[in-house]
Amino acid sequence: MTDPITPRRDDPWLMRTYSGHSTAAASNELYRTNLAKGQTGLSIAFDLPTQTGYDPDHVLANGEVGKVGVPVAHLGHMRTLLHSIPPAKMNTSMTINAPAAWMLALYVANAREQGVTDTELRGTTQNDIVKEYLSRGTYIFPPAPSKRLIVDMVAWCAHNAPKWNPMNVCSYHLQEVGATPVQEIAYSLANAIDILDAVRESGQVDEAQFDQVFGSISFFVNAGIRFVEEVCKMRAFTELWDRIGRERYGVKDAKARRFRYGVQVNSLGLTEAQPENNVQRIVLEMLAVTLSKNARARSVQLPAWNEALGLPRPWDQQWSLRMQQVLAFESDLLEYDDIFDGSTVIEGRTKELCNEAWDELQDVLSLGGAFNAVDELKGRLVRSMAARTRRIENGEQTVVGVNSYVESAESPLGGTDNIMVVDPAVEAEMIADVNAWRTSRDNARVEAALAHLRSAAETDENIMEASIELAVAGGTTGEWSQVLRDVFGEFRAPTGVAAAVGRRTNALAAVAEYVRTIPGGPPRFLVAKPGLDGHSSGAEQIAVAARDAGMEVVYSGIRLTPAQIAASARDEDPDVVGLSILSGSHMKLVPDVVARLRAEGCDAPVIVGGIIPEEDRAWLTSHGVAAVYTPKDFDIARIMQEVAELAAAHRN
């Protein structure tokens with residue numbers, strides 16, 4: 001401290017809320033409202049059709065438009081989304097991956113219309129496809145062409161938009177599917193190494209620019225409830241990234257070797273039961289990424305207390321923003337140097353994590369790197385999540401309000417209006433919008449731009465200029481991605497389920513014993529994920545548990561149409577069908593699946609799991625659903641017993 005009265009204070013981190021819903025106009029209103037409340041950066045959430053490269057009128061977009069984010073199908077949407085938000089002044093983060101080059105092209109085209117040069121743009125595209133294969137599920141293309149797209153963006157930004165972070169390596173989503181701190185550090189560092197090696201090998205960036213390229217790679221991390229260990233994890237991340245810069249890439253500029261990261265604290269630990277407890281969880285987890293000055297986040301976005309229930313309202317997001325503001329502006333945190341320097345506990349655990357993560361990193365590199373080791377890493381993460389689930393089931397890991405201290409007074413935060421519900425009419429509105437857009441544009445110009453995009457994809461031309469040309473011409477998200485689908489093909493990521501079988505037979509022994517008594521052999525359980533929701537961890541854990549309980553499981557991964565699920569049921573003849581939906585599209589997709597199952601002659605009972613508001617439960621059961629499970633149903637052995645009983649009843 002320099003003055004006891006007016007001490008010197010560090011600048012606070014960027015404060016964001018991850019948001020977007022319904023339409024570009026509605027989202028713009030939300031952004032400008034949040035900025036007026038003191039938010040200092042944008043964090044754009046796109047809907048699932050946009051994230052997976054589909055226009056609103058595609059069959060797979062059915063029920064998904066505007067649900068978990070904002071639909072952006074063309075330049076007109078980007079204009080509306082960012083209306084009255086100056087691109088030269090705003091630091092914008094876009095959570096977009098497989099179509100990241102396209103969203104950056106739209107962003108650039110919109111900025112150029114306002115006279116803003118590419119060099120003035122500041123922000124981040126997430127653009128981490130490995131974690132999509134491992135956890136989040138919004139991938140499109142196979143690993144090799146996906147890596148090429150990321151490399152093209154890194155190179156284009158180095159030459160044209162040096163203040164833009166072209167890739168945000170995401171350990172966040174790895175923790176959401178069960179990664180330990182060691183796995184979280186090692187797998188994300190391996191991912192970054194894969195990209196940096198590929199950039200160097202591409203020849204698109206001179207060696208003299210490589211310090212700048214290294215410094216442009218940012219990270220997006222998670223912070224869990226074990227906040228002492230999380231502090232150590234962030235300090236370990238900082239040390240290891242500096243080491244990689246020095247030893248592997250010879251980066252001389254210490255500033256370029258800084259570990260630049262943003263954070264959203266843990267969503268996996270948010271509970272549907274007693275959701276008010278999520279407030280203290282969020283605050284504790286925020287401390288993990290802000291207390292240590294030498295490993296402090298550059299930007300922070302906090303989830304809302306009710307995200308385990310559904311889409312938060314503006315007031316809920318304001319509450320989370322105010323948590324950051326109280327810490328930054330009322331406390332004395334920013335007046336001091338790193339308060340953990342010299343702590344034997346912190347430094348000792350940090351050293352342990354550094355050593356363990358370095359060994360794990362070398363193991364991944366020995367497998368050929370993160371892109372080549374996707375199958376292996378997926379299996380390891382599914383095993384880690386199975387272990388976490390087992391600890392909660394047997395009480396080894398306490399979750400207040402879920403497996404202990406479950407008695408509760410009625411909460412004044414409850415009720416049927418404590419989440420935002422997207423108007424179902426939005427989907428029809430967006431379909432009409434994109435059709436009108438296609439009708440009004442110069443289609444000859446669009447076709448020429450699509451031909452250029454195809455040529456760039458088929459050669460080694462950097463994809464960015466052709467993407468910008470298409471954005472300006474009036475192309476759509478679906479048209480951009482379809483050209484690249486035609487050239488690169490599509491990818492089905494591994495499920496990782498087989499790697500975790502047999503890890504929980506003790507917890508499920510009684511169920512397995514019951515299953516053996518069912519006449520006709522092991523019941524067949526079809527687990528399916530309709531729509532575009534790629535968060536597959538819940539479905540994977542159900543599939544693992546069912547196999548451990550002796551059932552025969554059919555699970556084909558994510559992103560299936562209702563027609564595909566019905567066809568699979570027709571061919572597989574299941575005793576029970578389980579649907580997993582976390583995107584809020586259950587009211588539209590579930591009845592569609594049930595109707596198609598019955599039309600195919602499948603009379604198996606249907607169960608549904610996901611983020612499903614309590615008031616939707618009765619409606620679903622009245623439309624052919626036998627049982628509904630939500631995150632508060634943590635006892636998987638009980639769920640498996642009920643599935644087995646449904647199967648036995650079906651056979652009778």
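The values are calculated or read from the model by the stated rules, or taken from the named source; none is laboratory data. Since the model is a prediction, treat every value here as computed from it, not as a measurement. FYI the Cβ positions are ideal-geometry reconstructions off the backbone, even for glycines, and counts take in every protein chain you see. For accessibility, only protein heavy atoms count, side chains too; no ligands or nucleic acids. Shrake-Rupley method; radii C 1.70, N 1.55, O 1.52, S 1.80 Å.
List of remarks:
- Considering residues of region 146-173 that are modelled with pLDDT under 95 and assigned to a helix (DSSP H, G or I) only, the residue surrounded by the most Cβ atoms within 10 Å (Cβ to Cβ): Tyr172
- Residue match in region 372-392 (condition: outside any helix (DSSP H, G or I), more than 21 Å from Phe634 (Cα to Cα) and in contact with a helix residue (DSSP H, G or I) (Cβ under 7 Å, 6 or more places away or on another chain)): yes
- Just one of the listed residues (Leu291, Leu284) is open to solvent by 10 Å² or more (accessible area, probe 1.4 Å), outside any helix (DSSP H, G or I), in contact with a helix residue (DSSP H, G or I) (Cβ under 7 Å, 6 or more places away or on another chain) and not small (Gly, Ala, Ser), namely Leu291.
- Odd one out for Trp305, checked against (1) more than 30 Å from Pro412 (Cβ to Cβ); (2) open to solvent by less than 30 Å² (accessible area, probe 1.4 Å); (3) not in a helix (DSSP H, G or I): (1)
- Residues of region 545-562 satisfying the condition of being within 25 Å of Pro519 (Cβ to Cβ) and of a type in the set (Val, Ile, Thr): Val553, Val554
- Residue within region 402-410 that is surrounded by fewer than 18 Cβ atoms within 10 Å (Cβ to Cβ) and of a type in the set (Val, Ile, Thr) present: yes
- Considering only residues in region 425-465 that are loosely packed, with under 13 Cβ neighbours inside 10 Å, assigned to a loop (DSSP other than H, G, I, E, B) and not polar (S, T, N, Q), the one that is farthest from the chain's Cα centre (by Cα) turns out to be Asp442.
- Selected residue [of a type in the set (A, V, I, L, M) and open to solvent by 30 Å² or more (accessible area, probe 1.4 Å)] from Ile193, Ile244, Ile217, Ile225: Ile225
- Hey, Ala192 assigned to a helix (DSSP H, G or I) and among the hydrophobic types (A, V, I, L, M, F, W, C) or not: yes
- All positions within region 624-639 that are open to solvent by less than 50 Å² (accessible area, probe 1.4 Å) and in contact with a strand residue (DSSP E or B) (Cβ under 9 Å, 6 or more places away or on another chain): Gly624, Val625, Ala627, Val628, Tyr629, Thr630, Asp633, Ile639
- Any hit, region 340-354, residues being open to solvent by less than 20 Å² (accessible area, probe 1.4 Å), in contact with a Leu (Cβ under 8 Å, 6 or more places away or on another chain) and farther than 21 Å from Gly269 by Cα: yes
- Odd one out for Ala626, checked against (1) part of a strand (DSSP E or B); (2) modelled with pLDDT under 95: (2)
Yes/no matrix, rows are residues, columns are (1) assigned to a helix (DSSP H, G or I); (2) at pLDDT below 95; (3) under 24 Å from Asn355 (Cα atoms):
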site	(1), (2), (3)
Ala223	no, yes, yes
Ala236	yes, no, yes
Glu239	yes, no, yes
Arg243	yes, no, yes
Phe259	no, no, yes
Gly269	no, yes, no
Glu272	no, yes, no
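- Residue in region 429-450 that is closer than 26 Å to His173 by Cβ, at pLDDT 90 or above and not small (Gly, Ala, Ser) present: no
- Matching residues in region 288-327 - criterion: being farther than 23 Å from Thr271 by Cα, among the hydrophobic types (A, V, I, L, M, F, W, C) and either over 21 Å from the mean Cα position of the chain (by Cα) or at pLDDT below 95 (or both): Leu291, Ala295, Val326, Leu327
- Whenever a residue of region 531-554 is farther than 14 Å from Ser580 by Cα, its partners that are part of a loop (DSSP other than H, G, I, E, B) and open to solvent by 10 Å² or more (accessible area, probe 1.4 Å), lying with C-beta atoms within less than 6 angstrom and at least six residues away or across chains, give the pairs Arg547/Val501; Asp548/Thr505; Gly550/Pro522; Met551/Pro522; Glu552/Pro522.
- Filtering region 442-482 to residues that are within 22 Å of Pro56 (Cβ to Cβ), hydrophobic (A, V, I, L, M, F, W, C) and in contact with a Leu (Cβ under 8 Å, 6 or more places away or on another chain) leaves Val446, Ala449, Leu450, Leu453, Leu470, Ala471, Val472, Trp480.
- Test: Arg596 is touching a strand residue (DSSP E or B) at 6+ places or on another chain (Cβ under 8 Å), in a helix (DSSP H, G or I), open to solvent by 50 Å² or more (accessible area, probe 1.4 Å) and without any contact (Cβ under 8 Å) to a residue 60 or more places away in the chain: no
- Every residue from region 314-339 that is open to solvent by less than 60 Å² (accessible area, probe 1.4 Å) and either small (Gly, Ala, Ser) or over 23 Å from Arg226 (Cβ atoms) (or both): Pro314, Asp316, Gln317, Gln318, Ser320, Leu321, Gln325, Ala328, Ser331, Leu334, Glu335
- When the residues of region 395-407 are filtered to those that are in contact with a helix residue (DSSP H, G or I) (Cβ under 9 Å, 6 or more places away or on another chain) and in contact (Cβ under 8 Å) with a residue 24 or more places away in the chain, the one that is farthest from Thr23 (Cα to Cα) is Asn403.
- Residue count, region 175-189 (criterion: under 24 Å from Lys351 (Cβ atoms) and either touching a Cys at 6+ places or on another chain (Cβ under 8 Å) or part of a helix (DSSP H, G or I) (or both)): 10
- Screening the candidates Val213, Val251, Val221 for the property of being touching a residue at least 12 places away in the same chain (Cβ under 8 Å) and within 21 Å of the chain's Cα centre (by Cα) yields one hit, Val221.
- Lone qualifier among Thr138, Thr119 - being polar (S, T, N, Q) and either more than 30 Å from Ala186 (Cβ to Cβ) or modelled with pLDDT of 95 or more (or both): Thr119
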